[in-house]
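Below: the structure, in structure tokens.
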Amino acid sequence: MNISAIRKDYTIKSLDISDVNIDPIVQFKAWFEEALKAQVLEVNAMTVSTIGLDGAPNARILLLKGVDTGFVFFTNYTSEKGKELENNNAASLTFFWPELERQVRVRGKVEKVIEEESDTYFFSRPIGSQIGAWVSPQSQKISSRETINERQLEIQKQFEGKAIVRPPHWGGYRLMPNAMEFWQGRPSRLHDRIKYELVDGEWSLNRLAP
């Protein structure tokens with residue numbers, strides 16, 4: 001297997017500063033709509049990168065659940081990522097939409113959403129997912145899969161005939177961006193890159209070398 005020989009030339013689109021909105025959130029929403037129309041697989045999947053307790057970067061794939069003043073996602077607050085964000089709330093997000101040969105990188109600070117917002121999303125989830133939030137001691141070591149299966153049965157029995165409530169250890173985060181980069185693949189690896197940076201409350205835009 002010759003991994004070094006794997007390559008693809010990007011030719012679909014181009015990107016210039018004149019093409020983008022002065023507000024990166026507005027620009028992201030426009031690109032996201034295009035990705036939806038292009039039927040990108042798992043369009044809201046993103047790599048969430050945090051700073052580990054050992055000071056090393058740590059990344060995993062999560063699903064974006066909202067875009068307003070920032071980027072919203074939900075998880076277990078006692079998970080590895082939750083502990084890392086409690087220790088250092090700097091984080092980054094990376095979206096890759098290969099069907100459009102596009103990538104978006106977002107950097108910023110993360111804050112918890114208000115409880116009402118976590119409740120609203122939690123109760124919009126399927127019942128199985130609501131139960132699952134109670135079942136999993138996310139990121140903790142467990143002896144076997146049976147541990148989870150048994151816990152699932154216990155929780156189902158506990159809430160049988162009762163309204164499920166949101167676990168206090170589960171909720172949302174909002175990443176408030178201070179830098180965003182829009183990347184459009186181009187031929188010969190000479191890609192287009194437009195970077196936004198928040199300076200004194202205003203967004204500045206620059207083209208970066210590929």
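Given the rule -39500 (n - 2.57) for each run of at least 4 DSSP H residues, summed and divided by the residues of the chain, what is its mean residue ellipticity at 222 nm, to the nearest 500 deg cm²/dmol? Walk me through the intermediate numbers first.
Working: 5 runs with 53 residues, N = 210.
Result for the chain: -7500 deg cm²/dmol, rounded to the nearest 500.
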key: Spatial separation of Cα centroids for region 1-70 and region 145-210, in angstrom   = 11
inquiry  = Below 8 Å between Cα atoms, with a sequence gap of 6+, how large is the relative contact order for the chain in percent?
reply    = 26
key: Residues with amide H under 5 Å from that of ARG186, placed H, sequence gap 5 or more   = TYR10, HIS191, ASP192
task = Please turn the phi angles of region 173-180 into ³J(HN,Hα) values with the Karplus equation 6.51 cos²θ - 1.76 cosθ + 1.60 (θ = phi - 60°), one per residue in order, whole Hz, x for glycine and proline.
result = 10, 10, 8, 8, x, 10, 7, 9
ASN44/GLU160 FRET efficiency (R0 35 Å; Cβ-Cβ; nearest 0.05) = 0.60
ask   = Which residue, GLU160, GLU111, GLU80, has the most motion in a Gaussian network model of the chain that connects Cα atoms within less than 10 Å?
value = GLU160
message = Taking θ = phi - 60°, what integer Hz values does the Karplus form 6.51 cos²θ - 1.76 cosθ + 1.60 yield along region 90-103, in sequence order, with x for Gly and Pro?
response = 6, 7, 9, 10, 10, 10, 10, 10, x, 4, 10, 6, 10, 9
Correct option for volume of the Cα convex hull per residue in Å³ [calculated from the coordinates] among (i) 132; (ii) 174; (iii) 145 = (ii)
Karplus 3J(HN,Hα) series, Hz, for region 17-26 with 6.51 cos²θ - 1.76 cosθ + 1.60 (x for Gly, Pro) = 4, 5, 8, 10, 6, 5, 9, x, 5, 4
query = Do the alpha carbons of any pairs in LYS141/LYS162; LYS13/LYS37; LYS65/LYS157; LYS8/LYS195; LYS109/LYS195; LYS65/LYS195 sit beyond 27 Å of each other, and which pairs?
reply = LYS141/LYS162; LYS65/LYS157
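Throughout, read-outs are computed from the coordinates displayed, never taken from laboratory work. Just so it is clear, the model here is predicted, and its values are computed rather than measured. Because the Cβ atoms are built from the backbone with ideal geometry, glycine has one as well, and the counts that use them run over all protein chains shown.
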